[in-house]
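Enquirer: Would you mind keeping the following structure in view while I ask a few things?
Taken together, the values in this text are just the output of simple stated rules run on the coordinates, not laboratory data. Since this is a predicted model, take the numbers as computed values, not measurements. Quick reminder, even Gly has a Cβ in these numbers, built from the backbone with ideal geometry, and neighbours come from all protein chains shown.
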Amino acid sequence: MTSADSLIRRAREKGNPVIQGNRATFVLETEDAPFLISDPTGWEDRPKPFKRLDSATQAWSCSLTVPRDAYVEYAFYYPETDERFLDPLNPRSVNNGVGSRNNFFYMPEATSSPYILRRADVPVGALTRHRVDTWMMQDDAMRDVYLYTPPARGPVPLLVVYDGPDYLQRARLTTVVENLVADKRMSPVAMAFLQNGRSRRHLEYICSDATISWLDKEVLPLARQHIRLVNIRENPGAYGVLGASAGGIMALYTGLRMPEIFGRVLSQSGVFSLEGRDLAAVDLVRYQHAHDIRIWMDIGLMDELLEDNRRMILLLHEKGYNVTYREFAGGHNFTSWRNDIWRGLEEMFPYTPR
């Protein structure tokens, strides 16, 4: 049996990819070879071609070299027709958040977050849906805000979450928080999950003062009305704000613009520049604005924004900000952010006996 025959058999029996060391190989039996698009290859920007395994067969292969603790998403792609399709030899797929699905796999030393599964012995909080005015962000419109009240006695700080429905459903954030609290790895928090403006998302998240005003006028009063929160005047900066990608820069901008309220910032794969031009939050950091906020940043090693985040962390350190930074073996997707967010939560809201 040739090495090509062995590879084809393993793919048929166990599915794609075939993993050897830090190498993941995909096998496809089809008349025309597609391209591989994935986290490590920059998706459609740098598609990787398949190569014929054997001149006598219609089998093709394509390999990636990735860390052994990596989580990877991918799909197959025909550039000529702009058609993408899922791997027929991998039944595992996930919503990619932009109207399609990606296949995924974990390398041998990678695991999903230990905190995403609901446990029968862990108390569950209450989630309520509210309709609020979008105020100056969008004229004559209403939007959902989901409020989470933890099963805790006494007042708690608030964590505002941009792209709230994604963190709520795809990142399972309430379950993560409840498990961390039960394990005494973080203190209880209330949460406000904010719906984005869909087609208006970047207008609202790229350092928008309209969004800041909406928080101040609509979201915070709503949360105070329904949840017993820590008194922010007695505990300045006690609240937190979380976001990913464009939501990540908006989380940092929120902390810089409202430090007396949001003193704890969690930015996952933040966008800090567009087309070579730094965003407003970067200039605020250069001038050491709101210097007392605490910042958590994380980013995947296969994320297209990695160098942007590395440049930002150097600036934050240079300007003396209190920042914790982490790189992990993942890409620009909610599964990667979900798997890593527990580390930021326990850093920003450490456990204290009540």
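Enquirer: Compute the Kirkwood hydrodynamic radius of region 77-155, taking the inverse of the mean of 1/r over all pairs of distinct Cα atoms, and give it in Å to one decimal.
Expert: So the Kirkwood estimate lands at 18.0 Å.
Enquirer: Still on this structure, I have one more. Using the Cα centre of the chain as origin and beta-carbon charges of +1 (Lys, Arg) and -1 (Asp, Glu), tell me which of Pro155, Ile249, Leu28 is placed farthest towards the positive end of the dipole.
Expert: Pro155
Enquirer: Averaged across orientations, what area in nm² does the convex hull of the alpha carbons in region 42-109 project?
Expert: 5.8 nm²
Enquirer: Please state the charge dipole magnitude for region 1-156, taken about the Cα centre, from unit charges on C-beta atoms (+1 on K and R, -1 on D and E), reported in debye and rounded to the nearest 20.
Expert: Roughly 760 debye for region 1-156.
Enquirer: Now a separate question. If only Cα atoms are counted, what is the Rg of region 119-239, and what is its Dmax, in Å?
Expert: Cα only, region 119-239: 14.8, 45 Å (Rg, Dmax).
Enquirer: As I understand it, the dipole of the chain uses +1 on the Cβ of Lys and Arg and -1 on the Cβ of Asp and Glu, about the Cα centre. Which of Thr57, Gly320, Leu89 lies farthest toward its positive end?
Expert: About the Cα centre, the residue reaching furthest to the positive side is Gly320.
Enquirer: Under unit Cβ charges (Lys, Arg +1; Asp, Glu -1), what dipole magnitude, rounded to 20 debye, does region 1-40 have relative to its Cα centre?
Expert: In debye, rounded to 20, region 1-40 gives about 280.
Enquirer: For region 244-295, what is the Kirkwood estimate of the hydrodynamic radius, computed as the reciprocal of the mean inverse distance between distinct Cα atoms, to one decimal in Å?
Expert: Computed over Cα pairs of region 244-295, the Kirkwood hydrodynamic radius comes out at 10.8 Å.
Enquirer: Let me ask another. Listed highest first by mean packing, meaning other Cβ atoms within 10 Å per residue, what order do 170-181, 15-26 come in?
Expert: Highest to lowest by the protection proxy: 170-181, 15-26.
Enquirer: Taking the alpha carbon gyration tensor of the chain, what are the square roots of 5 times its eigenvalues, largest first, to the nearest whole Å?
Expert: Square roots of five times the eigenvalues give 40, 22, 19 Å.
Enquirer: Rounded to the nearest 20 debye, what is the charge dipole size of the chain about its Cα centre when +1 sits on each Lys and Arg Cβ and -1 on each Asp and Glu Cβ?
Expert: My answer is approximately 1160 debye.
Enquirer: Report, largest value first, the span of the C-alpha coordinates of region 184-271 along each principal axis, in whole Å.
Expert: In descending order, the Cα extents are 35, 29, 20 Å.
Enquirer: What are the extents of the Cα atoms of region 5-51 along their three principal axes, listed from largest to smallest and rounded to whole Å?
Expert: 31, 29, 14
Enquirer: Just for the chain, what percent of DSSP beta bridges are antiparallel, to the closest 5?
Expert: Bridges in the chain are about 60 percent antiparallel.
Enquirer: Relative to the longest principal axis of the C-alpha atoms of the chain, give the angle of the C-alpha long axis of helix 246-257, reported between 0 and 90° and rounded to the nearest 10°.
Expert: Compared with the principal axis, the helix lies near 20 degrees.
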